[in-house]
């Protein structure tokens, strides 16, 4: 079609040119020369405009003739399958997924299976509210199937590492895939959102899996933000209590560490996920339980007199400590200080508490005391009077300790003036404790750092980290 239009334009241009030439040739009378000249100029002008317009159209026609047409299309959600929801659930429940750790499983057959899993979930979701009764009945049976992939294109192992996705492309299990389908149905069909929420809430009240509670909390907030917080907090409480009640304890009542590597990651306790739910929602109702669960006992193999033996150690639960500090902030430090001063406590635990205390230096007296005691240990190393080699090693250890805490005081580029002032006051209490020139020089640098941090414009240009031993 474009070619025909192109040829028509060429014919019109040629005809126009011939007519113009003929008119110019016929008019030759001398006594009408002036008049004819004027008319010729007018005609030439008109003809020139016509030719210019036709040439413009010719260029457009050429462009159209060589153009590749881009078809604009909308994203279309596939229609419902001709299968019933029950048929799809039966198909999904009988998938030959094989062994998850089958290293030779990255085959064409397996990739087809992965695509079928995605397709079936899309189809049951596209059925909308009609699929809800079948999904509800299936979930009531307490059945599940671990889904996996042996291709780097999709990685459900991220879930095993605690990365939870609200809308997974490839779910880690049949149940989580169905939870997501219910979520989508609720979002797409607002009139059935309460029915979807009831299905999710029923599962939440019966599941014994921390991973599912963490995921369902996201689903409920996505369906109705802040409307079901009490429900998933209660579920988290119950699983945590169940975990601590069943876990073996020492004679002193301290929890024993457990190895969950042999358990499917879907069924692992993942208690840190539950503590994070409480922390993110600033739930203070579990505070007494948290204080009791901070410490646990475990055995570690160590070499003694050339033999490897198991030695009992006491550890601190980082997820519980994160809950305490995340909810209480600086007010958690009195609790942590009590533990810090427990006799015979492993120094690794004290190290964990010191790292937390650094964040509240200047705003918590308990933090100040913990950090100051560690600084005193550093000052003592500088003053040790052992042999020359040991003195050098002790000095280096002492300077590393002192510089770490001074550097922590100088951390941050957007620190409030009040915090800066409190850190400066704490620094002033440290100065009299050591006359070492190198230590005093580090303190001088920290004081200048405070000046920079207190200036809003200069503070924007500094690095958050601060090393007082680096020459500037």
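The values are calculated or read from the model by the stated rules, or taken from the named source; none is laboratory data. Owing to the predicted nature of the structure, the values given are computational and were not obtained by experimental measurement. Don't worry about glycine lacking a Cβ; one is built from the backbone with ideal geometry, like all the others, and counts go over all protein chains shown.
Output the residues belonging to region 422-436 that are over 22 Å from residue 395 (Cα atoms), touching a residue at least 24 places away in the same chain (Cβ under 8 Å) and exposed (fewer than 13 other Cβ atoms within 10 Å of the Cβ). Once the filter is applied, which keeps residues that are over 22 Å from residue 395 (Cα atoms), touching a residue at least 24 places away in the same chain (Cβ under 8 Å) and exposed (fewer than 13 other Cβ atoms within 10 Å of the Cβ), region 422-436 yields only 425.
Yes/no per residue for (1) under 24 Å from residue 234 (Cβ atoms); (2) exposed (fewer than 12 other Cβ atoms within 10 Å of the Cβ); (3) modelled with pLDDT of 95 or more; (4) touching a strand residue (DSSP E or B) at 6+ places or on another chain (Cβ under 9 Å):
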{"residue": "276", "(1), (2), (3), (4)": "yes, no, yes, no"}
{"residue": "279", "(1), (2), (3), (4)": "yes, no, yes, no"}
{"residue": "282", "(1), (2), (3), (4)": "yes, yes, yes, no"}
{"residue": "285", "(1), (2), (3), (4)": "yes, yes, no, no"}
{"residue": "291", "(1), (2), (3), (4)": "yes, no, no, no"}
{"residue": "295", "(1), (2), (3), (4)": "no, no, no, yes"}
{"residue": "301", "(1), (2), (3), (4)": "no, yes, no, yes"}
{"residue": "304", "(1), (2), (3), (4)": "no, yes, no, yes"}
{"residue": "317", "(1), (2), (3), (4)": "yes, no, no, yes"}
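If you go through region 354-370 and keep only what is surrounded by 19 or more Cβ atoms within 10 Å (Cβ to Cβ) and free of Cβ contacts under 8 Å to residues at least 40 places away in the same chain, you end up with 354, 356, 357, 360, 364, 366, 367, 370. Looking across region 396-414, the residues that are without any contact (Cβ under 8 Å) to a residue 40 or more places away in the chain and in contact with a helix residue (DSSP H, G or I) (Cβ under 7 Å, 6 or more places away or on another chain) come down to 397, 398, 401. Residues in region 372-395 that are surrounded by 15 or more Cβ atoms within 10 Å (Cβ to Cβ) and free of Cβ contacts under 8 Å to residues at least 40 places away in the same chain: 374, 378, 381, 391, 394, 395.
Of the residues 339, 335, which is touching a strand residue (DSSP E or B) at 6+ places or on another chain (Cβ under 9 Å) and either within 24 Å of residue 368 (Cβ to Cβ) or in a helix (DSSP H, G or I) (or both)?
339
Can you name every residue in region 419-436 that is in a loop (DSSP other than H, G, I, E, B) and either at pLDDT 95 or above or touching a helix residue (DSSP H, G or I) at 6+ places or on another chain (Cβ under 8 Å) (or both)?
Those that are in a loop (DSSP other than H, G, I, E, B) and either at pLDDT 95 or above or touching a helix residue (DSSP H, G or I) at 6+ places or on another chain (Cβ under 8 Å) (or both): 434, 436.
Filtering region 442-468 to residues that are over 32 Å from the mean Cα position of the chain (by Cα) and free of Cβ contacts under 8 Å to residues at least 24 places away in the same chain leaves 444, 447, 448, 451, 452, 455. Among the residues of region 404-418, those that are over 13 Å from residue 449 (Cβ atoms) and part of a helix (DSSP H, G or I) comprise 404, 405, 417, 418. Filter region 133-151 down to the residues that are under 30 Å from the mean Cα position of the chain (by Cα) and assigned to a helix (DSSP H, G or I), then identify the one that is farthest from residue 211 (Cα to Cα). Once the filter is applied, the top-ranked residue is 135.
Residue count for region 437-471, restricted to those that are over 25 Å from residue 397 (Cα atoms), assigned to a helix (DSSP H, G or I) and out of contact with any helix residue (DSSP H, G or I) (no Cβ under 9 Å at 6 or more places or on another chain): 2.
Given 323, 360, which one is outside any strand (DSSP E or B), closer than 30 Å to residue 228 by Cβ and in contact with a helix residue (DSSP H, G or I) (Cβ under 9 Å, 6 or more places away or on another chain)?
323
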